[in-house]
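Read the structure below first, then the notes.
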Amino acid sequence: MAADRILIIEDEKAVARGLEYALQAEGFDVLCAENGTNGLNLARSRNPHLILLDLRLPDISGFDVCRQLRKEGFRQPILMLTALDDPIDKVLGLELGADDYVVKPYNLRELIARIRSLLRRAYGELSKTIQGKVIEFGEITIDLEQLQVFKSGQAVFLTPTEFRILRYLATHPDRPVSRDSLIEAVWGYDSDYGSHRTVDVHIRHLREKLESDPSDPRWLVTVRGMGYMFRS
Ligand code: CA
């Protein structure tokens, strides 16, 4: 089986080198870019399974790299590397399409655990647990095997986290789901990554991508005092 390919976009050579060695030791294929432009090019030409993206780069900021890749339909997980004093909060990173972020200086073992968890959630669990299933609601089609969503036959690009939220709601239709249940299903029990606010941000993005009128959703409805529901 081919190794998962990880692209590191990081301009600090010592940091990039350290990450490269550590990830290679874990059996990953590693690509490195020292600025945003090269990072974008490598992401397009080599299609990595996951990107580790430094926020502060000499040319294009990590935010813009992330936003640009999502705009082009890059669906693989993006893990942002930020410094403690960077003007970012988790929600802002998620707004731009990142799946998670880690504050420097990070613990290498924890970083690798998060990488594995993102890869597992994006590729492993979905394809193993539900084989070849397609869910259709009106003009929306969710292909649970190909991890693809279509609206009126057009592919809609979701981040892995958005896809997991949609999958959970759509496979539990017409049932109110609390934000806590969603966090548990999507990020896992012990997670401190998910919060009620991050759930709301992802739901808003899903509505913008899937709903004809995001302010008056047909599918992803709010259940007052409870959470959200996929209304079939
Ligand atoms: Ca940097």
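The values are calculated or read from the model by the stated rules, or taken from the named source; none is laboratory data. Model, not experiment: these values are computed from the prediction. Here Cβ is always computed from backbone atoms with ideal geometry, including for glycine, and neighbour counts include all displayed protein chains. Ligands, DNA and RNA are stripped out before the accessible areas are found, and what is left, the full protein with its side chains, is counted by its heavy atoms. Shrake-Rupley method; radii C 1.70, N 1.55, O 1.52, S 1.80 Å.
Data table
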quantity: First in region 10-27 and within 14 Å of M80 (Cα to Cα) and of a type in the set (G, A, S), second anywhere and open to solvent by less than 50 Å² (accessible area, probe 1.4 Å) and away from the ligand (no atom under 11 Å from the Cβ), Cβ under 7 Å, 6 or more apart; calculated: A16/I8
quantity: Condition broken by L81, with the remaining ones in (1) buried (at least 23 other Cβ atoms within 10 Å of the Cβ); (2) more than 16 Å from the ligand (Cβ to nearest atom) satisfied; calculated: (2)
quantity: Region 11-36: number of residues that are within 21 Å of the chain's Cα centre (by Cα), part of a helix (DSSP H, G or I) and within 14 Å of the ligand (Cβ to nearest atom); calculated: 2
quantity: Among (1) under 22 Å from L69 (Cα atoms); (2) open to solvent by less than 50 Å² (accessible area, probe 1.4 Å); (3) modelled with pLDDT under 90, the one test that Q146 misses; calculated: (2)
quantity: Pick from region 149-162, criterion assigned to a loop (DSSP other than H, G, I, E, B) and open to solvent by less than 30 Å² (accessible area, probe 1.4 Å), ranking: farthest from Y101 (Cα to Cα); calculated: L158
quantity: Region 115-141, residues that are modelled with pLDDT under 90, crowded, with 16+ Cβ neighbours inside 10 Å and within 19 Å of the chain's Cα centre (by Cα); calculated: S117, L118, L119, R121, A122, Y123, L126
quantity: Filter result for the condition that a residue is over 22 Å from L118 (Cα atoms) and either at pLDDT 90 or above or open to solvent by 20 Å² or more (accessible area, probe 1.4 Å) (or both), over R207, R179, R197; calculated: R207
quantity: Residues being closer than 20 Å to D100 by Cβ, away from the ligand (no atom under 15 Å from the Cβ) and in a helix (DSSP H, G or I) - total across region 41-71; calculated: 6
